[in-house]
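Asker: Please read through the structure below; I'll follow up with questions.
Just so you know, all these numbers are worked out from the coordinates, no wet-lab data involved. Predicted model only: the values in this text are computed from it and were never measured. Using ideal geometry, Cβ is built from the backbone for each residue, glycine included, and neighbour counts are taken over all protein chains shown.
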Amino acid sequence: MGDKTNLIRWSIILGSFIIISSILWNTYIFFQNFKSEERIKMEIWSKAQIELINSNEDKISPLTLDILRQNTSTPMIKVNNDGSIEHNNIQDFNPLDSLLVDRLIKKFSRENKPIEIKYDNELLSTLYYGNSTVINKLKYYPLALLLIVVLFGSVVYFFYRSSRTAALNKLWSGMAKETAHQIATPLSSIMGWIEILKQKNIDKSYIDEIQKDIKRLNIITERFSNIGSVPTLEKKDIISETESTIEYMKSRSSNSIHFEFIKPKEKIITLLNSQLFSWTIENLIKNSIDSMKGSGKIIIEINTTTLLTDILIKDTGSGIEKKYFNKIFDPGYTSKKRGWGLGLSLSKRIIEDYHKGLIGVVSSKVGEGTTIKIQLKRTIS
């Protein structure tokens, strides 16, 4: 089915390009034919001039006069042997302005080959003529069509790229959901084993810690199963949501990693998806821990104004060069030997696409540490 759809899509694209190319080619041929007809008209006009010069006033042919009168669109300059200049269909022309005359003669010569008006092999005058108004308009028509082709090609390219991206997103979503399904089965089994362990004489604190990890795995499984779905935002206290994630990460980190949480006393209500927001804070803390190589300090600070809430994550890690401030959020970018480089890109998508907030590097110095800020809109409760 997919191959057939691709075949139809590419057939439509190829057919469209053939049609547009055909229009361009036919327009070019029409333009050249029109110019040829214009030259024939001017050659007939020059012959009418010869007949006019060599005819008596009472014997001038009406056809000659009609030919000379009907040319009302082609600009021309006729330079006679005696140096006199005649013109037709040129506005604001001054034959005494030599610069203007020379400029127009050069322009007309580039557009069309001059016509020599001869009688009995004697050169009487030279006719310089430019493109008529119709030709001047027509010559831009192929450019307009070419622009349409470029625009059409751009649309096709972005359409194909977006279709491919959508297909890849669908594939990743499917893989994530299948992973969640596969994880859920052994998790259910582990929970059964915990119930058995509770009946044995085992330190209850061990079981509590295992249950915390299982609860966390259930949350991760739910996150994976919801990939590809539009997340639901609810009014939450961002302080308690952040604090619970910090406590979990603190309990699972080395004693050499010191955490400090600076927060206002009052609650801060914000529209959040708890799981995705927690995922983002986890990713940022994990990146800080990795950059500190096992020891250092992480400060999480929450500040608020009437409309906005800022969450600052500061670490004493290896730092980032300024040229990489934006690049670290690109999918696939990583400074680690292991990993796919998706953590920060997912964080950016969660904050900016789903929560309509902002995330970015505020400051960083190589060897001293990094500060990343999340900014979200505050909800008036």
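Asker: Using mean Cβ contacts within 10 Å as the protection proxy, how do 297-310, 197-210 order, highest first? Each step should come with its number before you reach the end.
Answerer: On the way: 297-310: 15.7, 197-210: 10.2.
By packing density, highest mean first, the sequence is 297-310, 197-210.
Asker: Moving on. Which whole-number percent of Cα pairs in segment 231-377 have a distance greater than 20 Å?
Answerer: More than 20 Å apart: 45 percent of the Cα pairs in segment 231-377.
Asker: Give me the tail of P(r) for segment 199-282 as a percent: Cα-Cα pairs with distance above 22 Å.
Answerer: 40
Asker: Sort 267-275, 35-43 by packing, meaning the average of other beta carbons within 10 Å per residue, with the highest value first.
Answerer: Details: 267-275: 18.9, 35-43: 14.1.
Highest mean packing first, the order is 267-275, 35-43.
Asker: Report, to the nearest 10°, how far helix 204-225 tilts away from the longest principal axis of the Cα atoms in the chain, using its own Cα long axis and a range of 0 to 90°.
Answerer: That helix lies at roughly 20 degrees to the long axis.
Asker: May I have the count of lysine pairs in segment 2-138 with C-alpha atoms under 19 Å apart, counting pairs 8 or more residues apart or located on different chains?
Answerer: 18
Asker: While we're here: Share of Cα-Cα pairs in segment 2-138 beyond 18 Å, in percent?
Answerer: 65
Asker: Arrange Val230, Val149, Val366 by Cβ neighbour counts within 10 Å, fewest through most, would you?
Answerer: Ascending Cβ contact count within 10 Å gives the list Val230, Val366, Val149.
Asker: Could you list, in their original order, any pairs among Lys212/Lys297; Lys297/Lys322; Lys215/Lys250; Lys250/Lys322 whose Cα atoms are separated by more than 19 Å?
Answerer: Lys212/Lys297; Lys297/Lys322; Lys250/Lys322
Asker: What chymotrypsin sites (Phe, Trp or Tyr not before Pro) in segment 79-130 are in a loop by DSSP, with at most 16 other Cβ atoms within 10 Å of the Cβ?
Answerer: Passing sites in segment 79-130 are Phe93.
Asker: Still on this structure: Mind pulling the angle between the C-alpha long axis of helix 98-111 and the longest principal axis of the chain? Nearest 10 degrees, somewhere in 0 to 90.
Answerer: 70
Asker: Give me the Kirkwood hydrodynamic radius of segment 28-80 in Å, from all C-alpha pairs, to one decimal place?
Answerer: For segment 28-80, the Kirkwood estimate is 12.4 Å.
Asker: Mind checking the angle between helix 238-251 and the chain's longest principal axis? C-alpha axes, 0 to 90 degrees, to the nearest 10.
Answerer: 60
Asker: Quick check on the chain: what does the Kirkwood estimate of hydrodynamic radius come out to from the alpha carbon pairs, in Å?
Answerer: The Cα-based Kirkwood calculation yields 29.1 Å.
Asker: Counting other beta carbons within 10 Å of each residue's own, what order do Leu344, Leu65 fall into, fewest first?
Answerer: On the way: Leu344 22, Leu65 13.
In increasing order of surrounding Cβ atoms, one gets Leu65, Leu344.
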